[in-house]
Each structure stands twice: as structure tokens, then as C-alpha cells.
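Q: One structure coming up, written as C-alpha cells, with questions to follow.
The values are calculated or read from the model by the stated rules, or taken from the named source; none is laboratory data. Because the structure is a prediction, the values reported are computed rather than measured. Cβ placement follows ideal geometry from the backbone for every residue including glycine, while neighbour counts extend to all protein chains displayed.
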Number of protein chains: 2
Amino acid sequence: MKKTVVLVSGGIDSATCCAFAKRDGFEIYAMSFSYGQRHSVELDAAKRVAAYFKAADHKIVTIDLRAFGGSSLTSSEMTVPKDRDIHSENDIPNTYVPARNTIFMSFALGWAEVIGSNDLYIGVNAVDYSGYPDCRPEYIDAYSKMANLATKAGVEGGRFTIHTPLLRLTKAEIIRAGISMQTDYSITHSCYDPSPDGKACGKCDSCVLRHKGFVDAGVADPTVYMRD
Amino acid sequence: MKKTVVLVSGGIDSATCCAFAKRDGFEIYAMSFSYGQRHSVELDAAKRVAAYFKAADHKIVTIDLRAFGGSSLTSSEMTVPKDRDIHSENDIPNTYVPARNTIFMSFALGWAEVIGSNDLYIGVNAVDYSGYPDCRPEYIDAYSKMANLATKAGVEGGRFTIHTPLLRLTKAEIIRAGISMQTDYSITHSCYDPSPDGKACGKCDSCVLRHKGFVDAGVADPTVYMRD
């Protein structure tokens, strides 16, 4: 069975990526990061997602992105924005973590080389997203070209493929695709700023996009919110 | 004063990179990694190098590359090759760490964005090297293109530059250049497999290249070897 690394944050997008990877016939090697994020309950969701999709292995790599700061997701001195009008604001919000996807994919690239995989699934999205530079198609294309030169496989003429099945889907389309592939979204977590017991705030970009996705897809939202 | 991140391993190449960065008028932000390497005494050398070149800051980022293994530099179950004939063997040796430069530069990219720098110095070399895929000029070019799309600066039309002043120099030329810029190589460390008290083995690729560099440059080798 061919192997692929899947970056699993524990949210809707990465769970749906797992469903796509399975549909495409891959054995899943899940990779998650403990990076000083304030929403570390997402790692529990990542474990549930990896188990749900019967991942052959699940590595949680500890890296300290707080070492250089610069994001409200990793700094206790910055506040996660709430009730932002995502689609009318062009600014990159402070939840952006500098170079995060670049760092995550670099670890995935290293692990893929070790397990003999030429594939990586990542749930980046250029439609219903928060304006992060490292979610754009042209960025993923450039990363792929670099990855093909970075490793032994590159030297030996191999071909490393970054799969982005969600790139051009709306959140509602992602949810409908996932449900058609038996994804259980009740085990996922999206909120950037959850309560200590893991309830979602309902107001950060990630909660707003998630809830709107369920509404637009015509699917009941299984999320437990603080207001509930 | 313009800022640059410099990747500092504590060896000859990264020390010389610091000298070039200073000559080019940059304030140095040194970045090193504790990545499970067996030659962790190199971090002491990195601290000496950062201090010698009066770095404005020096971050040592802890990441666990042993999580996925695959290299004799990070695995206790693999042996560092000795007395290899570097220039007649085309194989990539087992000291290659999968995706290492990709991972290191990705952290540097994130830190550069936070401190407002558009520059990175890295001591990769395509002449006297060990055949690592992530030291090749075409790899660095591809990484630069990706980096320019990965960050806020990329979105805003900024220009991130990866400086590789050593790329086409022999080890002897690197040493001569460094000495002309007052680099003190006695504070550096190169050996992949040093004794517990930090003496160099004299037989790994890194020791062989280092010693030959001093001989070819006509400069006394300040290294303390185990045989001494």
C-alpha cells in the first residue's frame, strides 16, 4: 500500500484531507505539531482524527514557535481577534503564524523521505480562509518545486507531490465532501481560543468559518460552543 | 542598521558566513538548532561564534529530528562513516539529515519575518561538500522563490534574499576569505563524532574536509584532534 504523510491539525480541513488520502488509496502517516499554540486541545482532536482514519503512525512533533513569537496563536501578549468581518478585510490577521506551513511541510518532507513516501496531503484552502500567504496556490506550487530538489528522491529523479484536495473548495463543499466519505466531524476541533474544557468560543475566524460551513452545507453543526 | 538572520552551526562555514554578513553591513541575528545531533558540542561553538561577531540576538531552537530518524547524525543506531574517499564516492552518505536545511531555513524565514528582516545567510557549499541534495544551487534558488511567496512580505511585494557567499568557494578559499575578515577559526567546531570532551575525531567527512582546507590554504589548523 502506498504511503502518504498527512498534516493533521484536528480541524475540519485536515480530517477531510485524511478522507481524501484514504479514498486515493494511501496508508496514512499522520503528523501534528505541538508548537506552543494556545489551542492545544486541538492535539487531542488530531489524535482522534488519526485513530478514526486508522493511521499507520501518528507523530506529534514538538517545536517552539514561541521562540520568535509574532502571532496571537502562540503569544500570550496578543489577543485573538473576535467577530471579524473576514471577507471584507484584506489585512492578514494576527492569528497568522510566520512561516508555519513552510515549517510544517518541511518536517513532513523529512519524514516522508525516511518512510519512503513521495506524497503529502495538506488541507490548505484559498477560498474560505483567513488571508494567510502560505495558503495560496502559487505558494504551494513553489514549495513543490523546492521539495523536489531538497531530498535524495530529488537527486535520483523522484517526484514529490503535495496534494491539496481542498484548495478550491468552499467550507460547505469541504464538509459535504467529507460527509460523503464518512468523516465524523464531531471529533474535530477548530477554535483558536477555546475554554479550558475545550469548548469553542464561537467568535474567532476559525469558529465563524466552521459554523458558516455547516449552515451553508445544510448539515447540523456538532460543535460544542461556550454559549451552549 | 539592516538586520539579517544567519544560520550558525559553529563550524568554519557558518563562522565565515557571519564575517561576510558583517562585511555586507548587516546586524547579525544568529540562529542555531538543538536537533538531537550527536555532536551537540557544536552548540557551544555556535555560542562562541555568535558572541565573536557581536550578534544582536542568538536563538537556539530545540527541534527533535530524531522523531523521524534516518541519519547517523541523529540516530545512535547508525554509525558515522570514517576515512571515506569523499570525492570519488557519489552516494549521499548517511550523515545526510532528511530535509535539514529546508527545516532550518523555514525557522529562519519565520524569525526574519518577526524581526523585520528580508535577508538570510547560510553557509551551503557546492564544491567541497558531502553530496547533500540540499546544498545544491538549484535547491537554494527554488527555496528563494518559495520563500518570497510564503510570508507577509511576499504578499506585500517584498523581496527575501538568501545569501550563499560560500556556494562556489573551495574550503581553502573559504578559510582564506574568513581570515582576511579576521575570523578566528579556533573557536569553531566541525567534527560529526567528537569525543565527550569535544576533541575532533579527524576521520569523518567533516574533519577530513576541514583539515584539508587548512592545509590547502597554507594556514595552521587550530583544531584539537583525539590523536593529539
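Q: Before we move on, is B:Ala126 in contact (Cβ under 8 Å) with a residue 24 or more places away in the chain, more than 8 Å from every other protein chain (Cβ to nearest Cβ) and more than 16 Å from the chain's Cα centre (by Cα)?
A: no
Q: Taking the conditions exactly as written (assigned to a loop (DSSP other than H, G, I, E, B) and closer than 15 Å to A:Ser32 by Cβ), does A:Val97 satisfy them or not? Spell out the reasoning first.
A: Working: assigned to a loop (DSSP other than H, G, I, E, B): yes; closer than 15 Å to A:Ser32 by Cβ: yes.
So A:Val97 fits the description; yes.
Q: Select from the range A:31-69 the residues that are farther than 15 Å from A:Phe107 by Cβ and at the interface with chain B (Cβ under 9 Å from one of its Cβ atoms) and list them in ascending order.
A: Across the range A:31-69, the qualifying residues are A:Ala67, A:Phe68, A:Gly69.
Q: Now for a separate question. Take B:Asp216 and tell me if it is modelled with pLDDT under 85 and more than 14 Å from every other protein chain (Cβ to nearest Cβ). Don't jump to the end; show me each part of the working.
A: On the way: modelled with pLDDT under 85: no; more than 14 Å from every other protein chain (Cβ to nearest Cβ): yes.
When the stated conditions are applied, B:Asp216 does not pass them.
Q: Right, something else. What's the total number of residues in the range A:195-215 that are free of Cβ contacts under 8 Å to residues at least 12 places away in the same chain and either surrounded by 20 or more Cβ atoms within 10 Å (Cβ to Cβ) or under 17 Å from the mean Cα position of the chain (by Cα) (or both)?
A: 0
Q: For the range A:101-128, what are the residues that are within 23 Å of A:Lys212 (Cβ to Cβ) and touching a Lys or Arg at 6+ places or on another chain (Cβ under 9 Å)?
A: A:Val124, A:Asn125, A:Ala126, A:Val127, A:Asp128
Q: Tell me yes or no: at least one residue of the range B:152-168 is farther than 30 Å from A:Arg100 by Cβ, buried (at least 21 other Cβ atoms within 10 Å of the Cβ) and touching an Asp or Glu at 6+ places or on another chain (Cβ under 6 Å). Don't jump to the end; show me each part of the working.
A: Kept after step one, since they are farther than 30 Å from A:Arg100 by Cβ, are these residues of the range B:152-168: B:168.
Cutting the leftovers down to buried (at least 21 other Cβ atoms within 10 Å of the Cβ) gives us none.
Among the residues of the range B:152-168, not one is farther than 30 Å from A:Arg100 by Cβ, buried (at least 21 other Cβ atoms within 10 Å of the Cβ) and touching an Asp or Glu at 6+ places or on another chain (Cβ under 6 Å), which makes the answer no.
Q: I've got another one for you. Of the residues A:Tyr192, A:Tyr132, A:Tyr139, which is modelled with pLDDT under 95, surrounded by 18 or more Cβ atoms within 10 Å (Cβ to Cβ), away from chain B (no Cβ under 14 Å) and within 16 Å of the chain's Cα centre (by Cα)? Spell out the reasoning first.
A: Details: A:Tyr132 fails: away from chain B (no Cβ under 14 Å); A:Tyr139 fails: away from chain B (no Cβ under 14 Å).
After applying the criteria, what remains is A:Tyr192.
Q: Here's something else I'd like to know. Those residues that are closer than 22 Å to B:Val114 by Cβ, part of a loop (DSSP other than H, G, I, E, B) and in contact with a Lys or Arg (Cβ under 7 Å, 6 or more places away or on another chain), I need them from the range B:1-47; list them, please.
A: B:Gly25, B:Phe26
Q: Please specify each residue of the range B:1-18 satisfying the condition of being buried (at least 21 other Cβ atoms within 10 Å of the Cβ) and either farther than 11 Å from B:Tyr121 by Cβ or of a type in the set (A, V, I, L, M) (or both).
A: Initial filter on the range B:1-18 (buried (at least 21 other Cβ atoms within 10 Å of the Cβ)): B:4-18.
Selection gives B:Val5, B:Val6, B:Leu7, B:Val8, B:Ser9, B:Gly10, B:Gly11, B:Ile12, B:Ala15.
Q: Collect the residues in the range A:150-164 that are at pLDDT below 85 and outside any loop (DSSP other than H, G, I, E, B), keeping them in residue-number order.
A: Scanning the range A:150-164 gives A:Lys152, A:Ala153, A:Gly154, A:Val155.
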